[in-house]
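Reviewing the structure listed below.
Quick note: the coordinates plus some simple rules give every number you see, no bench work behind them. Note that this is a predicted model, so its numbers are computed, not measured. Using ideal geometry, Cβ is built from the backbone for each residue, glycine included, and neighbour counts are taken over all protein chains shown.
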Amino acid sequence: MSKKKLGLNTICIHVGEVKDEQFKGAVSPMYLSSSYEFLDVDVKRYPRYFNTPNQEFLAKKIAALENTESALIFGSGMAAISTMFLAFLQQGDHLVVQNTLYGGTVNFIKEEFPKYGIEYTFTNGYSVEDFEKAIKPNTKLIHIETPSNPLMTITDIKAIARLGKSKGILTSIDNTFASPVNQKPIDLGIDMVMHSATKYFGGHSDILAGAVASSEELIERIFNVGKNLGGNLSDMTVWMLERSLKTLGLRVKAQTKNAMKMAKWLNKHPKVSKVYYPGLKSHPEYKLAKSQMSGFGAMLSFELTEDLDAYKFQKALRLIKSSMSLAGVESTVISPHLTSHALLTQEERDAIGISDQLIRFSVGIEDVKDLKRDITNAIKMIE
């Protein structure tokens, strides 16, 4: 059966399995060898070449989820995006990049690109007009992130894809926050999709990984750089990631449902001054999000009123964890100005709206009533 005819959960479970031909086990066997036969074999396997059995088949699952021809799995989200950038940008080239991005990506661009002689422009906003104004004759790649981290801004994926194609410029997207459960950028015209697979793909806060999905031609170019940089995963982690992906659809849909309930509740809370969630009709890009997403995702952010201490609030939570990462089955919060955007200057954070009162909320699969009670109690403790 064609993978395109399979349902989401069927793809999550069955596509990309490594068949246990010897013992007929129900799960993929794990191949931990770092050395494989090279005489009279069709594929010369080597871990750094992303082609051990577990690596090869997991890539097929991710490609199926994103409706692409091929994919690669990396040791982290930053390994994935940095390898993708370096595969298509060289000295004298120019990158147009969205100004509302994950802080680690921003830091990589600003610290590493000058060493390679690669130029870049951060857009003033996230409309297609902002991107078009930033394009130069030597622009080779446009990169976006939608929904963005942590302010949940929404960029018009189709419009950016059309812009890139009209100018002969490749386009890429960080699809981590949405996941392929809620958004499929390739179907909207984007050339390359990357993920911090640490997040929803892993889903249990115990895996560090990254992924890029695209056409066979573009993945081959990324592979040629990746094999030199050596950012591949151990097969133990690859096996764990394949196991985790089996429940991706179930987890993300449950988390998305919870996030909508929490966003609506927080939006009416007297001690919350603002909620950032694309599923709220008050969100400025609500209609756009609805048109390009099948669900609004499980990430949101909110700002506490000025009379509350955001640090003390997080310390007072008992159920919701203060955590550096996101997208696990457990709900977590962070202060972006202390974590994901800590490498930016105060002026840079102010310019993109990262206030000290901002809390990023990764909604898990707990009962919503328990999450509400936890937040209510924490606020009462610090008032």
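So what are the ³J(HN,Hα) numbers for the range 75-86, from phi and the Karplus equation (6.51, -1.76, 1.60; θ = phi - 60°), rounded to whole Hz, Gly and Pro as x?
x, 6, x, 5, 5, 5, 6, 5, 5, 4, 4, 6
Could you give the distance between the Cα centres of the range 257-303 and the range 313-383, to the whole Å?
Here the two parts' Cα centres lie 15 Å apart.
Residues of the range 267-282 with backbone nitrogen within less than 14 Å of a virtual label 7 Å along the Cα-to-Cβ line of residue 372, please, listed as ranges.
267-270
Could you work out the relative contact order of the chain, using alpha carbon pairs under 8 angstrom and six or more residues apart, expressed as a whole percent?
The value is 17 percent.
What is the spread of the Cα atoms of the range 265-367 along each of their three principal axes, largest first, in whole Å?
36, 35, 28 Å, listed from the longest principal axis down.
Charges on Cβ only, +1 for Lys and Arg, -1 for Asp and Glu, centred on the Cα centroid of the chain; of 286, 135, 225, which one is farthest towards the dipole's positive end?
Towards the positive end, the residue furthest out is 286.
Report the charge-dipole magnitude of the chain in Debye, nearest 20, computed about the Cα centre from +1 at each Lys and Arg Cβ and -1 at each Asp and Glu Cβ.
My answer is approximately 1180 debye.
Please compute the contact order of the range 249-382 in relative form: average sequence separation of alpha-carbon pairs under 8 Å and at least six residues apart, divided by the residue count, as a percent.
Answer for the range 249-382 is 29 percent.
I need the trypsin sites (Lys or Arg not before Pro) found in the range 5-91, filtered to DSSP loop residues with at most 12 other beta carbons within 10 Å of theirs.
Within the range 5-91, the qualifying trypsin sites (Lys or Arg not before Pro) (loop, at most 12 other Cβ atoms within 10 Å) are 19, 24, 44.
Aspartates and glutamates near residue 199 by alpha-carbon distance under 14 Å, same-chain residues fewer than 8 away left out - which ones?
174, 242, 330
Between 202, 77, 92, find the one with the highest GNM mean-square fluctuation for the chain; connect C-alpha pairs within less than 10 Å.
Of 202, 77, 92, the Gaussian network model singles out 92 as fluctuating most.
Would you mind ranking 324, 152, 30, 260 so that the residue whose beta carbon has the fewest other beta carbons within 10 Å leads the list?
Details: 324 10, 152 26, 30 16, 260 19.
So the residues, fewest neighbours to most, are 324, 30, 260, 152.
If I compute percent of Cα pairs over 33 Å apart from the structure I just sent, which labelled value in (i) 30; (ii) 51; (iii) 37 lines up?
Recomputing percent of Cα pairs over 33 Å apart here gives the entry labelled (i).
How large is ³J(HN,Hα) for each residue in the range 113-124, as worked out from phi by the Karplus curve 6.51 cos²θ - 1.76 cosθ + 1.60 (θ = phi - 60°), to whole Hz, x for Gly and Pro?
Those phi angles translate into 4, x, 5, 9, x, 9, 8, 8, 9, 8, 5, 6 Hz.
In the range 298-383, with Lys and Arg counted as +1 and Asp and Glu as -1 at Cβ, which of these residues, 329, 299, 341, has the Cα nearest the positive end of the dipole, that is, farthest along it?
329
Please work out the C-alpha center-to-center distance from the range 233-254 to the range 131-152 and express it in whole Å.
Rounded to whole Å, the Cα centres lie 29 Å apart.
When all C-alpha to C-alpha distances in the range 77-191 are sorted into bins of 5 Å, what percent of pairs does each bin hold, rounded to whole numbers?
2, 12, 25, 26, 22, 10, 2, 0
For 74, 57, which order do you get if you count the other beta carbons within 10 Å of each Cβ and list the fewest first?
57, 74
Hand me the GluC sites (Glu not before Pro) from the range 288-356 located in a DSSP loop with no more than 12 other Cβ atoms within 10 Å, in residue order please.
Loop-located and lightly packed - 306.
Given the DSSP H assignment, sum -39500 (n - 2.57) over each helix run of at least 4 residues in the chain and divide by its residue total; what's the result at 222 nm in deg cm²/dmol, nearest 500?
Per the formula, -12000 deg cm²/dmol.
If I build a Gaussian network model for the chain, linking alpha-carbon pairs within less than 10 angstrom, which residue out of 15, 368, 97 has the largest mean-square fluctuation?
In the Gaussian network model the winner is 368.
For the charge dipole of the range 9-137, defined by +1 on Lys and Arg C-beta atoms and -1 on Asp and Glu C-beta atoms about the Cα centroid, which residue among 9, 29, 80 has the Cα displaced farthest towards the positive pole?
Of the options given, the answer is 29.
Loop only by DSSP, 12 or fewer other Cβ within 10 Å of the Cβ. Give me the trypsin sites (Lys or Arg not before Pro) in the range 257-294 that pass, ordered by residue number.
268, 281
Among 370, 174, 93, 356, rank each residue by its count of other Cβ atoms within 10 Å, from fewest to most, as a rough exposure measure.
Ordered by Cβ neighbours within 10 Å, fewest first: 370, 356, 93, 174.
Give me a comma-separated list of calculated 3J(HN,Hα) values for the range 165-173, in order, Karplus coefficients 6.51, -1.76, 1.60 applied at θ = phi - 60°, integers in Hz, x for any Gly or Pro.
Computed from phi, the couplings for the range 165-173 are 5, 5, 9, x, 10, 5, 10, 9, 9 Hz.
Compare 104, 249, 353 in a GNM of the chain, Cα atoms joined below 10 Å, and give the one with the largest fluctuation.
Of 104, 249, 353, the Gaussian network model singles out 353 as fluctuating most.
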